[in-house]
Each structure stands twice: as structure tokens, then as C-alpha cells.
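Below is one structure; the comments refer to it alone.
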Amino acid sequence: MDMQISNLNRYTTLPILLDMLERKKLTLLNPKLWEDKNDSEIILDYKNRKGIVNLFALCFSHNDETIHHWKTYSNGPSGCVIDFDANKLFSILDKIPGLKHGIVDYKKLPEIEKTKVEVDAMPFTKRWPYRVEEEYRVIYETNEKMDFFEIDIPLSVIRKVTISQQMPEQIYNTIKKHLKGTSKDPDSRISRSTLYANQRWINGFKKM
């Protein structure tokens, strides 16, 4: 457990969010589906070295939002970010046998070439150019045959949901109303991102 982390952000899309709220589950998928082969090939190599039949993973960011996160993982009008209470989520993850989680360590090529990376650290090691992700990774290892792995979660682990500013306002209002009904939690914070047009930022310059 990483006690210094207070929140974990999951950048995703509206269909994934709706499924999560409806079924109250986090879904871990096979890394072989990842676009980044620098990452997936190392994960698969780790799996083979450990003699694991199946490995599934889920990725979060453990720091502030960036344009990179939105563009890469939540681009377009259906993008969103789910802010989890890290300590509440850790208390669930720590009780699941076969599950590991931790901060990803970003290394430069010379480091990899000169210093051996321990096998158990392989799933939590990525190339230096990806450091802006500030990733926190969850992996599940099993010798059972399955296509994915799911974790039951209470909706109370979700601190807030932010919808992409690229979603038209009239559609956002409809979606917000639907999300409040789905979560059945009137205290849940659902808002629209101001990343692309923050009035406080703009006004700050106008006052200079």
C-alpha cells in the first residue's frame, strides 16, 4: 500500500463509467491488447518467467490531470475521469489473493542496459518517455483460465466524476442527471472539465 497517495484517477470513456456504476465492478484486462508494445511485451515476458497462466491489469494515474491524460485515454466528447479514494480502494485490493499494486517506475534505456531489473519489478517498470503518465498499476495473477478479472467495489470509493469539456453542454446536463440516478448517491460530485477553457485562468490574465 502507498499511504502517500490520496487519490487515483482512472481516465476512460462514458461506456466504461456507466458499466462501472451499474455493475459496481472494476475490470482488469489482458495486457496483450495494449497499444504500447514496449509495455505489453515486458508484461508477457514477466508472465512467462513466473509461469503464470493468466495476468490482467488496470491502470490509474496518481497525480494531477494533464492534457496528455485526456488526449491519450479520454479524448473526445465521451471522455471522463473517475477519481477514486485511494485508501478505500487499497483496503479492497489488499484483501484479494494474487493481486499486486504499486507505483510504476520509469527508467531510461541506459539504466535497463546496465542494471538488471528484478523479475517482480518488471510489471511496474516502464520507459522514461512515458513518465508523464504517473501511473499506478494493479495486476492480478492466476493459473485459472479466464478472459478478464473483475473486482467488486462500493460506489463510495468514487470521490468524483469529471466529464470531458468536449461534450456539448446540453448533452452533459442529460448525462449528469442520468449518472446521479445510476449512482443513487446525491452527494456524488459530477462535473464538467474546464481543461480547455478555464474562466478563472482567463480572467486572471485579463486583470493584469
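The criterion of being more than 15 Å from N9 (Cα to Cα) and touching a residue at least 12 places away in the same chain (Cβ under 8 Å) does not hold for I82. Summed over the stretch 26-35, residues that are surrounded by 15 or more Cβ atoms within 10 Å (Cβ to Cβ) and either of a type in the set (D, E) or in contact (Cβ under 8 Å) with a residue 60 or more places away in the chain (or both) total 3. Taking the criterion of being under 26 Å from I82 (Cβ atoms), without any contact (Cβ under 8 Å) to a residue 24 or more places away in the chain and touching a Phe, Trp or Tyr at 6+ places or on another chain (Cβ under 9 Å), the residues of the stretch 97-136 that qualify are D105, P129. Note on the stretch 146-208: enclosed strands (runs of 3 or more DSSP E) holding 3 or more residues that are modelled with pLDDT of 85 or more are 149-152, 158-163. Go through the stretch 42-72 and count every residue that is surrounded by 12 or more Cβ atoms within 10 Å (Cβ to Cβ) and out of contact with any helix residue (DSSP H, G or I) (no Cβ under 9 Å at 6 or more places or on another chain). Looking only at that region, the number is 5. Filter the stretch 42-69 down to residues that are over 19 Å from Y106 (Cβ atoms), within 15 Å of the chain's Cα centre (by Cα) and at pLDDT below 95, then give me how many there are. Residues that pass the stated criteria total 0.
Pairs meeting the criteria (first residue in the stretch 42-69 and closer than 23 Å to V132 by Cα, second residue of a type in the set (F, W, Y) and part of a helix (DSSP H, G or I), beta carbons under 9 Å, at least 6 apart or on different chains) are C59/Y73; S61/Y73. Scanning the stretch 102-116 for residues that are at pLDDT below 90 and assigned to a loop (DSSP other than H, G, I, E, B) yields T115, K116. When R137, R127, R131 are checked against the criterion of being in contact with a helix residue (DSSP H, G or I) (Cβ under 7 Å, 6 or more places away or on another chain), charged (D, E, K, R) and farther than 24 Å from L21 by Cβ, a single residue qualifies: R127. Selection within the stretch 8-25: residues that are among the β-branched types (V, I, T) and touching a residue at least 40 places away in the same chain (Cβ under 8 Å). The member of this set that is nearest to N87 (Cα to Cα) is T12. Can you say whether D94 is closer than 18 Å to I5 by Cβ and free of Cβ contacts under 8 Å to residues at least 24 places away in the same chain, as far as the supplied structure shows? Answer is no for this residue. When I5 is tested against (1) within 24 Å of G98 (Cβ to Cβ); (2) buried (at least 19 other Cβ atoms within 10 Å of the Cβ); (3) touching a His at 6+ places or on another chain (Cβ under 9 Å), just one condition goes unmet, and that condition is (2).
Residues are listed down the side, and each one gets a yes or a no for (1) surrounded by 12 or more Cβ atoms within 10 Å (Cβ to Cβ); (2) touching a residue at least 12 places away in the same chain (Cβ under 8 Å); (3) of a type in the set (A, V, I, L, M, F, W, C):
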{"position": "E144", "(1), (2), (3)": "no, yes, no"}
{"position": "E150", "(1), (2), (3)": "yes, yes, no"}
{"position": "I153", "(1), (2), (3)": "yes, yes, yes"}
{"position": "S164", "(1), (2), (3)": "yes, yes, no"}
{"position": "M167", "(1), (2), (3)": "yes, yes, yes"}
{"position": "K176", "(1), (2), (3)": "yes, yes, no"}
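The values are calculated or read from the model by the stated rules, or taken from the named source; none is laboratory data. Only a predicted model underlies this, so the values are computations on that prediction, with no experimental measurement involved. All Cβ positions, even for glycine, are placed from backbone atoms using ideal geometry, and neighbour counts span all protein chains on display.
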